[in-house]
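Beneath this line is the structure, given in structure tokens, with notes to follow.
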Amino acid sequence: MPRLPRKPSAPRPYGVGAVTAGWTRRKASRAPRVVVREASGQPHALSPDDPRAEALLNAAERLISAAQREATG
Amino acid sequence: MRETFTGGVFWRADPMTPALTPSLALEYLHELSADIVAGVVLAADGALLAGAEELAVAARDLLAAAEDATDVHVTTADGAVFAARDDRHAIALACGRFALPSLARYDLRMVLADLAGGGGSKTREAEAAEADDADEAAA
């Protein structure tokens, strides 16, 4: 039975495009992210500009610093 | 701890603890995940039940900033923070950047449920003392 031609997939980045795409992905993965869940259990990602997200990020950074100090000291 | 083998049944002399205590809860969470750097258990009013006071200060600020949220997950460049609370307790954990959010959330929820199971914020001795006081008052 003859094989059917493969369905073409989306074009992959190559060359400089591939490097840029990888850099963008890594940058996105390192970006701060805040997700909260209300009593209903629905996750809700807060925008980085949200003042609530800023307060949560500040508190989280202090918590991580304190935890690292406790772990090393 | 004393164990006796009696015809195929192991009998343990010490009764099981009625619920997880806050300090045991932290140790349990540490054993569940190697990504956890440190954690803290707070009462509903913010009182420290287990963990370091320095962590508790930041955890209280985090929970205050979370407003009505019951679960919080914050990822920063240095690590991740997971926090969950119910009517009686709140737990905040500082983890490495690659901790899995779904697992951390599940573990936190399970431990919170165990803590709520039988007065986890009190020690067995405190409960026994309260029971004695109530008996004396009734008599």
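The values are calculated or read from the model by the stated rules, or taken from the named source; none is laboratory data. Model, not experiment: these values are computed from the prediction. FYI the Cβ positions are ideal-geometry reconstructions off the backbone, even for glycines, and counts take in every protein chain you see.
Within segment A:11-35, how many residues turn out to be over 15 Å from B:T76 (Cβ atoms) and modelled with pLDDT of 85 or more?
Residues that pass the stated criteria total 13.
Are any residues in segment B:68-91 facing chain A (nearest Cβ under 7 Å) and more than 15 Å from A:Q42 (Cα to Cα), and if so, which ones?
B:V74, B:T75, B:T76, B:A77, B:D78, B:G79, B:V81
More than 8 Å from chain B (Cβ to nearest Cβ), more than 30 Å from B:H30 (Cα to Cα), outside any helix (DSSP H, G or I) and within 16 Å of the chain's Cα centre (by Cα) - does that describe any residue in segment A:27-47?
For segment A:27-47, residues more than 8 Å from chain B (Cβ to nearest Cβ), more than 30 Å from B:H30 (Cα to Cα), outside any helix (DSSP H, G or I) and within 16 Å of the chain's Cα centre (by Cα): present.
Could you tell me whether any residue of segment A:10-19 is more than 9 Å from chain B (Cβ to nearest Cβ), exposed (fewer than 10 other Cβ atoms within 10 Å of the Cβ) and within 25 Å of B:A34 (Cβ to Cβ)?
No.
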